[in-house]
Each structure stands twice: as C-alpha cells, then as structure tokens.
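Read through the structure below, which is laid out as structure tokens, and then see the notes.
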Amino acid sequence: MKIKILRVDVTEAGSGTRKYKQAEVTYRDLTTEKVASKKIMSFATPDAFSVLKDAVQDSEFDIQSEKDSNGFWKWTKVTSANGGE
C-alpha cells in the first residue's frame, strides 16, 4: 500500500514501568484515495514506529503489512517512497 501522511500525533501511554509511545498516523491511501488512521505502538512494531514518528505532512511511504496471530493487521515495513527507510 502507498500512503500520503496527513498528520502524525505521538503520545505516551501506559503507566509505571509499562509506558510506551504510540503514533496515530492519519493518512490517505493513494490507491483508494480513502482517508484513514492507524495507531502504531513503539513496542509492537518498533521499526515502523521509528520511521513514522517523525513523518511530516505530505510525505509518502510504501507500507508492507501482515496479519498477526490475533487477526490484526500490523505495518511490518515502512519505506519512504523517495527511497530509504
């Protein structure tokens, strides 16, 4: 899937020693032109989180995803559409 970033909000969640960061990514799917959002957790998909936490509006990314054992889609690889990760 190819997306264009509309907004990224990074917040801290959890409590005590179980704190983590999450990035809520609001994006436009460039194939369907639909706007959606996805929460990326720093502990669940650290590679995707590290790329997307600093993404700026209008940047484009190629997303690879796979379904986890609980049936949820995870973004497993995020690559800048301009090259690099």
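In the stretch 44-85, which residue that is surrounded by fewer than 13 Cβ atoms within 10 Å (Cβ to Cβ) and aromatic (Phe, Trp, Tyr) is farthest from Thr26 (Cα to Cα)? Restricting to residues being surrounded by fewer than 13 Cβ atoms within 10 Å (Cβ to Cβ) and aromatic (Phe, Trp, Tyr), the top hit is Phe72.
Restricting the first member to the stretch 21-40 and to residues that are farther than 12 Å from Trp75 by Cα, and the second to residues that are open to solvent by less than 40 Å² (accessible area, probe 1.4 Å) and of a type in the set (Asp, Glu), the beta-carbon pairs closer than 9 Å and six or more apart or on different chains are Val35/Asp29; Ala36/Asp29. Counting just the residues of the stretch 6-27 that are in contact with a helix residue (DSSP H, G or I) (Cβ under 8 Å, 6 or more places away or on another chain) and more than 14 Å from Ala44 (Cα to Cα), which one comes out most open to solvent (accessible area, probe 1.4 Å)? The extreme case among them is Val8. Against the criterion of being touching a strand residue (DSSP E or B) at 6+ places or on another chain (Cβ under 8 Å), open to solvent by less than 90 Å² (accessible area, probe 1.4 Å) and modelled with pLDDT under 95, Lys2 does not qualify.
The values are calculated or read from the model by the stated rules, or taken from the named source; none is laboratory data. Treat the numbers as computed from the prediction; the structure is a model and nothing was measured. Note that each Cβ is placed from the backbone with ideal geometry, even for glycine, and that neighbours are counted across all protein chains shown. Side chains are part of the model used for accessible areas, which takes the heavy atoms of the whole protein and leaves out ligands, DNA and RNA. Shrake-Rupley method; radii C 1.70, N 1.55, O 1.52, S 1.80 Å.
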